[in-house]
Amino acid sequence: MLRRSNKRKFSKKELRAQRKHDTDTPTEVVSVPAKTRSQVKIEIPRLITVAELANLSSRTPAEIVGALMRNGVLATVNDSIDRETVEIIADELDLEIHAESQVVPSMQKISGKAQSETRPPVVVVMGHVDHGKTTLLDAIRKTNTVASEAGGITQHIGAYQVQWTDNQDQIRPITFIDTPGHEAFSAMRAHGATITDVAILVVAADDGVKPQTKEAMSHAKAANIPIIIALNKIDKKEANPDRVKGELAELGLAPEDWGGKTPLVRISAKHSQGIDDLLDVVLLVADLQDLRAQTQGQAEGIVIEANKQQGVGPVATVLVQSGELKIGDAIVLGPIFGKIRVMENERGQRYTKAGPSTPVRIAGLSGVPAFGEHLKVCQNEKEARQLAQKAGLKKRLKHVTHQSQETEKERSLAIIVKADVDGSLKAIKTSLEAIEIPDVEVKVILEGVGDVTESDINIGTSLGQPYIVAFRTGATVAARHLARTNNIEIHSYDVIYRLIEDVQKSAEHLHLPIQILTEIGRLKVLKIFRTTKTHQILGGRIEQGRIVKSARVTILREKEILGTGIIESVQKGQEAVAELHAGEECGLGISTTETIQIDDVLVIELAEKA
Ligand code: GDP
């Protein structure tokens, strides 16, 4: 049911009651006599077996297994579950959970010897298309002072590091995110991570400030990272640095020689001119931020690129954020786990360990992790596997927990506006900011000219449920797809007052609705007809309940959650239908980024309306 909450936060119990799983989930084999139990306070460690939990809580193992099942976790008596999973079933079993005092296994290695040391800056290169981002990234790579040492052919692994000798003759590493544009950057923010410390904004001296220059600036400002302007193509006779500086000043990026604060370096990426100065300025700006990280202990990092490689399997480029990542480490990356078999840089040079701000490509993973996924080192592979399984479950519950947390925050409606021209953009922004509703803040978090892009949606989802506006403009195919998989609507308008009216209504209806998904049926996959990166056409049999078009699906493989998707079409024979029931066979079009296989089970879920 779709509930609009006012001030009150729903308890986990209420949310669970709304899910109504207990009426139609066949896996429920244990009934829990809730009223006859008394509440038990227990201290539990980070990981605990079902049997130990039963012992500690004076519940039977069957009660615990049953409660776990009802929440989508399949565990036997000897399986370990972590504290967060116990928290999910705590209300149901009337348990009050406390973390076991003084047991912090993952921190043991750090304590006592914890050290915070200066770390290299992580730099992203952004700017308008064709202004020279790729050329600059290549020029910087070639500038590497020790690049001549051994190493194979350079591969694009999403990031690279150069060893730059600074003014004091110190060799200082600088890490570059090797994905031009802001896609990488915004996807990263979608996972709540700001991994970059400095943004180089490339502006072609012959072309000046363009829509994507402004957009890139908004991204950097939203992430609160300093901007350095690389005024590129100064070798061209059409170059007009003064005009561009004027345009930058209008954007609030006045360079230092125009009385502003933004460092600007004149470069020619094509002729490798000015690169030295640019790198010096990067270090100066980085030093002002005093970038530090723990250099010892178990590593934490973030995935900046991942794919499947023939003969190697899944590989991921990870940027280490703290601690030391080592060969043989058992790791978890969201729903993926593994043990690091190989660790190398973009030139194929092998590492046995890697410290903060180092990008490394790793192999030895159970699957391809998502861009922006967090990497954590675990005690052993078993723990890594268990945490990965739990992350799969969490993914499924995310929409509930995330939104219930939202109710605690100050009410605000985040708006992303894309418009056809600058003029309408300004008019919309002024009108939106004039909306006054008590206790509600209407905030334009991102604005730009042009279509709604994937990165707009990514930025939006990083901030919850944004209101996305396309004013007399469209949305790219990728953006539409991403919006659909994230259950976000792109609102199109060609009249400003309608836009304002709708936003006003949404703001009045705050807080955002809590979406409760209820299982309505299950389908077994019997045939796969077509698979693309984002879509699958398959055939299956409805084993329970019903399926309806537009419902959400959770994909189960051997009882483990693989991911989610959305039913785009339902077909009975040649005919497209809206709904089908148990016993029937049908064809389905699913929008998903997972690869569904024969024998997978699709759990069909609907958000119910209050
Ligand atoms: P991106 O789209 O921002 O990655 O731009 P590219 O790096 O692909 O560059 C676009 C075009 O501009 C290419 O033809 C480059 O050769 C050219 N270019 C890049 N930097 C310079 C420069 O400093 N001077 C000149 N004359 N051309 C450049």
Matching residues, the range 341-351, being within 25 Å of residue 197 (Cβ to Cβ) and free of Cβ contacts under 8 Å to residues at least 40 places away in the same chain: 343, 344, 351
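To keep it simple, each residue is scored yes or no on (1) within 16 Å of the ligand (Cβ to nearest atom); (2) within 27 Å of the chain's Cα centre (by Cα); (3) in a loop (DSSP other than H, G, I, E, B); (4) at pLDDT 55 or above.
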| site | (1), (2), (3), (4) |
| --- | --- |
| 149 | no, no, yes, no |
| 163 | no, no, no, yes |
| 174 | no, yes, no, yes |
| 189 | no, yes, no, yes |
| 194 | no, yes, yes, yes |
I need every pair where a residue in the range 318-330 that is at positive phi has its Cβ under 7 Å from the Cβ of a residue that is in a loop (DSSP other than H, G, I, E, B) and buried (at least 24 other Cβ atoms within 10 Å of the Cβ), sequence separation at least 6 or different chains. 323/299
Go through the range 133-147 residue by residue and tally those that are at pLDDT 85 or above and either buried (at least 23 other Cβ atoms within 10 Å of the Cβ) or hydrophobic (A, V, I, L, M, F, W, C) (or both). 5
Here the residues within the range 196-236 that are on the phi > 0 side of the Ramachandran plot and either under 28 Å from the mean Cα position of the chain (by Cα) or among the small types (Gly, Ala, Ser) (or both) are 208, 224
Within the range 250-283, restricting to residues that are on the phi > 0 side of the Ramachandran plot and out of contact with any strand residue (DSSP E or B) (no Cβ under 8 Å at 6 or more places or on another chain), the one that is farthest from the ligand (Cβ to nearest atom) is 259
Of these, 472, 480, which one is free of Cβ contacts under 8 Å to residues at least 60 places away in the same chain and more than 19 Å from the chain's Cα centre (by Cα)? 472
What are the residues in the range 519-534 that are over 18 Å from residue 599 (Cα atoms) and either assigned to a strand (DSSP E or B) or of a type outside the set (Ser, Thr, Tyr) (or both), if any? 519, 520, 533
When both residues are 6+ apart or on different chains and their Cβ atoms are under 8 Å apart, which pairs have a first residue that lies in the range 207-228 and is farther than 27 Å from residue 283 by Cβ, and a second that is of a type in the set (Asp, Glu)? 207/130; 208/247
Scanning for something over 23 Å from residue 453 (Cβ atoms) and either more than 15 Å from the ligand (Cβ to nearest atom) or part of a strand (DSSP E or B) (or both), does the range 206-213 turn up at least one residue? no
Of everything in the range 230-270, what is touching a residue at least 60 places away in the same chain (Cβ under 8 Å) and either of a type in the set (Phe, Trp, Tyr) or crowded, with 21+ Cβ neighbours inside 10 Å (or both)? Give them in sequence order. 230, 232, 233, 267, 269
Wholly inside the range 291-394, strands (runs of 3 or more DSSP E) that include 1 or more residues that are among the aromatic types (Phe, Trp, Tyr) are 336-344
Looking at the range 271-315, which of its residues are loosely packed, with under 15 Cβ neighbours inside 10 Å, in contact (Cβ under 8 Å) with a residue 60 or more places away in the chain and small (Gly, Ala, Ser)? none
Among residues belonging to the range 567-610 that are under 32 Å from the mean Cα position of the chain (by Cα) and polar (S, T, N, Q), point out the one that is modelled with the lowest pLDDT. 593
For the range 488-504, give me each residue that is more than 14 Å from residue 419 (Cα to Cα) and of a type in the set (Asp, Glu). 489, 501, 502
Which of the residues that make up the range 231-249 are within 16 Å of the ligand (Cβ to nearest atom) and not in a loop (DSSP other than H, G, I, E, B)? 231, 232, 241, 244
So, in the range 39-78, how many residues would count as being surrounded by 15 or more Cβ atoms within 10 Å (Cβ to Cβ) and among the hydroxyl-bearing types (Ser, Thr, Tyr)? 2
Counting only helices (runs of 4 or more DSSP H) wholly inside the range 414-495, the ones holding at least 2 residues that are modelled with pLDDT of 85 or more and under 20 Å from residue 507 (Cα atoms) are 422-433
Looking only at the range 114-140, which residues are on the phi < 0 side of the Ramachandran plot, outside any loop (DSSP other than H, G, I, E, B), within 16 Å of the ligand (Cβ to nearest atom) and not β-branched (Val, Ile, Thr)? 126, 133, 136, 137, 138, 139
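This table checks each residue for (1) in contact with a helix residue (DSSP H, G or I) (Cβ under 8 Å, 6 or more places away or on another chain); (2) among the charged types (D, E, K, R); (3) buried (at least 20 other Cβ atoms within 10 Å of the Cβ).
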position: 547; (1), (2), (3): no, no, yes
position: 567; (1), (2), (3): no, no, yes
position: 576; (1), (2), (3): no, no, no
position: 591; (1), (2), (3): yes, no, no
position: 598; (1), (2), (3): no, no, no
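Table: residues versus (1) modelled with pLDDT of 85 or more; (2) surrounded by 19 or more Cβ atoms within 10 Å (Cβ to Cβ); (3) under 22 Å from residue 358 (Cβ atoms).
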{"residue": "155", "(1), (2), (3)": "no, no, yes"}
{"residue": "180", "(1), (2), (3)": "no, yes, yes"}
{"residue": "201", "(1), (2), (3)": "yes, yes, no"}
{"residue": "219", "(1), (2), (3)": "no, yes, no"}
{"residue": "227", "(1), (2), (3)": "yes, yes, no"}
Only one of 588, 580, 538, 602 is within 22 Å of residue 69 (Cβ to Cβ) and in contact (Cβ under 8 Å) with a residue 24 or more places away in the chain, namely 602
Selection status of residue 130, surrounded by fewer than 16 Cβ atoms within 10 Å (Cβ to Cβ), at pLDDT 90 or above and charged (D, E, K, R): yes
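The values are calculated or read from the model by the stated rules, or taken from the named source; none is laboratory data. Just so you know, these numbers come straight off a predicted model, no measurement behind them. Because the Cβ atoms are built from the backbone with ideal geometry, glycine has one as well, and the counts that use them run over all protein chains shown.
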